[in-house]
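Only one structure is covered here, and it is reproduced in the block below.
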Amino acid sequence: MAKRLLLPAIYAFLFCFSCTREVSVQLSGSVVEDGQISGRVILPPNTKADTAGLVVLSSTGTSIPVASRFAIDTTGKVSTTALNNSQGDVLLLGYNYPGQTDHSISSESTALALLMNTLTLRSLSLPGKLEMIEKIKGDPGYRELIKQVTMGLQAGRVVTDTTNTELIKAIGSVFKSSTGLRTTTTAGYNEPIKITTANTEILLQNNQVAHTYVAGVYNDNKAVGPKYVIGGRTLFATSLSDAAAGVFGDGYGIPEPVQFTLSGNGEYSIRIRSGKPFDGDETLESRLARNHNVHRFLLGILRDLFPIPLDCNEALVESVPATLTSIMAKREMALENANSAAVFAALTLEITGEALQSAEDLLGECGGNLDSFKFLKSMGKAFSLLGIATKFMTAANITAHTNDLFQAKASIDSCFQVVGLKLVKCGEQPVYLVDTVSGGNQRGEAGKAFPKPLVVRVRTEDGKPAIKATVNWVIKSGGGTVSATESETNYDGIAQITWIPGKGDQQLEAYGSKAKGSTTAVFKASGFDGNDRKVEIASGNSQPGQYGKELAKPLTVRVLNGQGKPEMGVEVTWKILAGGGDFGNLQRITNAAGEVSANWKLGPSGGQNVEVSVKKKDGTPAAGSPVVFTASPRSSSLKDLIVGEWLLVRDFGTDNGVHFEHDWSDTTYYCIKAQFRSDGSYYERYVDWDYPREEFRDDIEISRGLYEINENNQSVTATIHTSERSFLFETGLNVPTTIQSLTESQLILSYPEDDSNNYNLEFINVKTNGGFMRKTNRSTTSKVHREPIRRSN
C-alpha cells in the first residue's frame, strides 16, 4: 500500500516548497499587506505530532505564525498553503478560494486541500472548482475525513503519513475516482470515435472517452499517409493556461478532432485502435496507441508538478517518448498482458515514478535548474511520506483513462469508397443524375468520329455539380467505339467523350451510378458506310425531241454519299446504249452539288437511250447504277405538229408554292381555242359549245398575230398585233413560251417564273379528238366563264 501511494505526495511537497520567498511579519502580530491572505493556525487539541519550528508555506513565500496568526502572499484566485514543522513534515494544509472569509489552516481546511489538490480537481476551471467545493462539503464522508486528519495528529502522525490507512480510506470515500466525478455521462464506449464525412474529407472526433486512439489509412492494404493520433478527452482543463483560454466544455476539455482527405478514387480502409492490453491486437496502430496512452499520463503529471513554460511544450512532448522508450521496453510484455484497468494503472504508475527520477532528461530543455532537480531527487528520502499524495493524485486521473481504455471498444474498422469528390461506404454507390448536354442525333460515316463530342452534366442527389465523378459510357447498339469508356467530370459536373459510330442506328448510354434514384443519359445517332454511294437522275429524262437534233435540256445525274448528301469529285461514265447520236459539253467529274451533265444529240432513228454508271470507292457499282435516260423523238418538226386548232381544257401550276388546277372541259360553256396556221399566223377565239347540238357556235375572235417555232429551244414566240388581250401570249411582246409537250393530240405550254410560281396550259387538238373532248354532265344551264390565272403583264 505504501508503494502504491508513493508518487502523489511528491506533488504536495513540491507545491508547498519549490517556489517560496520570505515575507516580513511583525512579531507583535501579523500585518496583512495588499494581496496577502491571513488567518489562524488551528492545531487539534492534544496534538502529539512535532510542532517545533512551524512555518506556513505557499507557492510564492513563507510566513512564520505569530500568536497563531499568519499573513502570506499567494498567486492565482485559488491557492494552497501548508503548515510544516522544522523537519519538513506537513502537519496541516489550507485551501483558499474566492468568496472565502476565513483562511485559517485547520483539520477542515486540510481535508478540503487534500481533495482539491488532486490532479483532476486541481485542473478544474474556477467555476468547476467552486462547484466541486460545494459537492465535497455536502458529502457525508467529508466529516469523516476531517475526523481522520484530527485523529492522526492527536496520534502523532503527520498528514502525509503513508501508513495512516484510515485517512487514506476516508479520502477515497469522498473522492472515489475521477470517473465518478464526471458531470456528464460517458455514452461513448460503444462508439468511442465518431466518424463524419464531407465530400472526400473524414473527421475523427473523440466521443467522451479519456484515452487516446491511433488511426491508420490503407488503400489496397498499403498504408496511406501518416498515423493519426485522436487525443483522449481531458476530463478537466489540464493547465492554468487552458483554463485562462476557456478550453473547457461543461468543465471538461474537448480534444481537437483529426481531419484528413482521401485523394483519388478507390476503396480506403481506416483502422482505429486504442491499444487496449490483453486484446491480442498487435497492429502498428494498437502498439502506437498503447504507448501514446502511457505518454499522456506522464505528460499530465509533469505539467501539474512543475511550472512548465508555454514555449517548452513542444520540447516536453518530444522528451517524454524518448525518456520512456527504454523504461517501457522493459515492461512491454507486462503492458500487453495487463488484463484489467487496475493492473494497467499500477504499471503506468511504476513507469511514471521511474521517469520522474530522470527529471534532467525530461525538463532539461524547459528551464529547470540544478537546485530544482536536486530538490526533486532529495524527495527519495521522504518517498514513503510523499508517495501517497502523488499516487493518489495520479490515480485520480489515470483511473479514468484506464477505465475507459478497458471498457470502450478497442478496434474500429471502417471502409469508404471515393467516387469523384464524394465519399460513400464500401459496397455502396452514390446517387448521380446524368443529363444530356449535346452531341445526340448525329449522323456520320462509320469508323470516323462524329464532329461533335458527347457531353453530359452530372449532378448529385441535391442537384449540385458532381465534381470528379466517373461517368461510364456504354454502347448499347450499332457497334462503334468511344474514345474512353470512363471519363471524369470537371468542377461544373461536365464530362465528354468522342463517339466513333458503326453502321446503321446507334445508341449509347452514359451513367455515373446504378444506385437507386440515379438517372442515365441516352444518345442516339446513325452511321453510314463511307463506301456507300448512290446515283440518280436529276433532270433531262424522257424529253421529246427530233431525230438528229440536240435535246432542249442537258442530261443531268446526281451522286450522293452514304449520308445522302451530294458527293463532289466522283468519276461518272457516259454511254449511248441505243439510237446512236452524240454528246456535247460532257462532264465526267461531279461538282460541289454532286452533279454532272451532258448535252445529247439524238441519233437518226429508232429508240434513244443513254446509260450513266458510277462506282463505289471499292470499285463495286453504286446504288442505282447504271441510270438510263430515254428520249421521245419524233419524225415531224414542232412546226408541223403545232399546225391546227387547239382547245384549252386545263390550266395548272403553283402560286407562291401552292399547287392549283382548273379543269376547263368540265366547268365552262365558253372555251378558248387557239389556231396555229401553216403560214405562221395565229388566231385566238372564244367559242361556245352548243350542248344539245354537240357543235360549236358563237366563234368570236379575240386576238391574232404571228408565231414562230424554235426547234432547238422547243419554244413558240407569238407577236400579237391587236389591242385585245391574249390568254396564251403577252400582248405585243416577243417572249418565248416553252413547249412542254407536243404531240398530234396534245399541247402543253409552260410559263415558268421562279421556283414558287409557274403556269401551264393544256390543249387538245380539235381534229384528232373528234370535236369537243367529251360530253359532261352539268347540273345547271347557266353559262360560266372562268379566266385562267395568269402572271401579270
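The values are calculated or read from the model by the stated rules, or taken from the named source; none is laboratory data. Remember, predicted model here, so these are calculated numbers, not experimental data. Cβ atoms come from the backbone with ideal geometry, glycine included; neighbour counts cover every protein chain shown. Accessible surface areas use protein heavy atoms only, side chains included; no ligands, DNA or RNA. Shrake-Rupley method; radii C 1.70, N 1.55, O 1.52, S 1.80 Å.
All conditions but one from (1) assigned to a loop (DSSP other than H, G, I, E, B); (2) open to solvent by 40 Å² or more (accessible area, probe 1.4 Å); (3) not small (G, A, S) apply to T60; the one that does not is (2).
Output the residues belonging to segment 497-510 that are in a loop (DSSP other than H, G, I, E, B), open to solvent by 30 Å² or more (accessible area, probe 1.4 Å) and at pLDDT 95 or above. Working first, answer last.
Start the filter on segment 497-510 by keeping residues that are in a loop (DSSP other than H, G, I, E, B), which leaves 498, 501-503.
Then drop every residue that is not open to solvent by 30 Å² or more (accessible area, probe 1.4 Å), which leaves 498, 503.
Listed by number, the list holds a single entry, T498.
Of the residues making up segment 611-658, those that are among the aliphatic types (A, V, I, L, M) and without any contact (Cβ under 8 Å) to a residue 60 or more places away in the chain are V628, V643, V658. On the given criteria, is L586 more than 30 Å from P453 (Cα to Cα), touching a residue at least 12 places away in the same chain (Cβ under 8 Å) and not charged (D, E, K, R)? Judged against the criteria, L586 is a match. Considering segment 266-289, the residues that are acidic (D, E) and either at positive phi or more than 35 Å from the chain's Cα centre (by Cα) (or both) include one that is surrounded by the fewest Cβ atoms within 10 Å (Cβ to Cβ), namely E282. When every residue of segment 499-517 is checked against the conditions, at least one turns out to be in contact (Cβ under 8 Å) with a residue 40 or more places away in the chain, within 13 Å of S477 (Cα to Cα) and among the charged types (D, E, K, R).
Scanning segment 645-667 for residues that are part of a strand (DSSP E or B) and either buried (at least 19 other Cβ atoms within 10 Å of the Cβ) or charged (D, E, K, R) (or both) returns E645, W646, L647, L648, V649, R650, D651, G653, D655, E661, D663. Only strands (runs of 3 or more DSSP E) wholly contained in segment 573-631 count here; list those with 3 or more residues that are closer than 11 Å to T556 by Cα. Correct list: 595-601. For segment 467-487, the count of residues that are among the hydrophobic types (A, V, I, L, M, F, W, C), part of a strand (DSSP E or B) and either without any contact (Cβ under 8 Å) to a residue 12 or more places away in the chain or at positive phi (or both) is zero.
Scoring R443 on the criteria (1) surrounded by fewer than 15 Cβ atoms within 10 Å (Cβ to Cβ); (2) among the charged types (D, E, K, R); (3) within 30 Å of G530 (Cα to Cα) leaves a single failure, condition (1). Considering the conditions (1) in a loop (DSSP other than H, G, I, E, B); (2) over 23 Å from the mean Cα position of the chain (by Cα), A525 is excluded by exactly one of them, (1). A search for C-beta distances below 7 Å between a residue of segment 677-705 that is over 18 Å from F729 (Cβ atoms) and any residue that is among the aliphatic types (A, V, I, L, M) and at pLDDT below 80, counting only pairs 6+ apart in sequence or on different chains, returns F696/V687; D698/V687; D699/V687.
Residue selection: K767 satisfies the criterion of being open to solvent by 50 Å² or more (accessible area, probe 1.4 Å), more than 29 Å from S539 (Cα to Cα), assigned to a loop (DSSP other than H, G, I, E, B) and at pLDDT 80 or above.
Only one of the numbered conditions (1) of a type outside the set (K, R); (2) open to solvent by 60 Å² or more (accessible area, probe 1.4 Å); (3) at pLDDT 90 or above is not met by V214, and that is (2). Considering segment 655-682, the residues that are of a type in the set (S, T, Y) and modelled with pLDDT under 80 include one that is farthest from S750 (Cα to Cα), namely Y669. Of all the listed residues (E166, E191), the sole one being at pLDDT 80 or above and within 26 Å of E134 (Cα to Cα) is E166. Among the residues of segment 561-606, those that are open to solvent by 80 Å² or more (accessible area, probe 1.4 Å) and of a type in the set (D, E, K, R) comprise K565, E571, K575, D582, R588, K601.
Screening R685 with (1) under 60 Å from the mean Cα position of the chain (by Cα); (2) buried (at least 17 other Cβ atoms within 10 Å of the Cβ); (3) at pLDDT below 85 gives one miss only, at (1). Return yes or no: is K452 modelled with pLDDT under 95 and open to solvent by 50 Å² or more (accessible area, probe 1.4 Å)? For K452, the condition - modelled with pLDDT under 95 and open to solvent by 50 Å² or more (accessible area, probe 1.4 Å) - is not met.
Residue count for segment 499-522 satisfying the condition of being over 14 Å from G444 (Cα atoms) and not acidic (D, E): 14. Being at pLDDT below 95, farther than 30 Å from S597 by Cβ and touching an Asp or Glu at 6+ places or on another chain (Cβ under 7 Å) is a property that S513 lacks.
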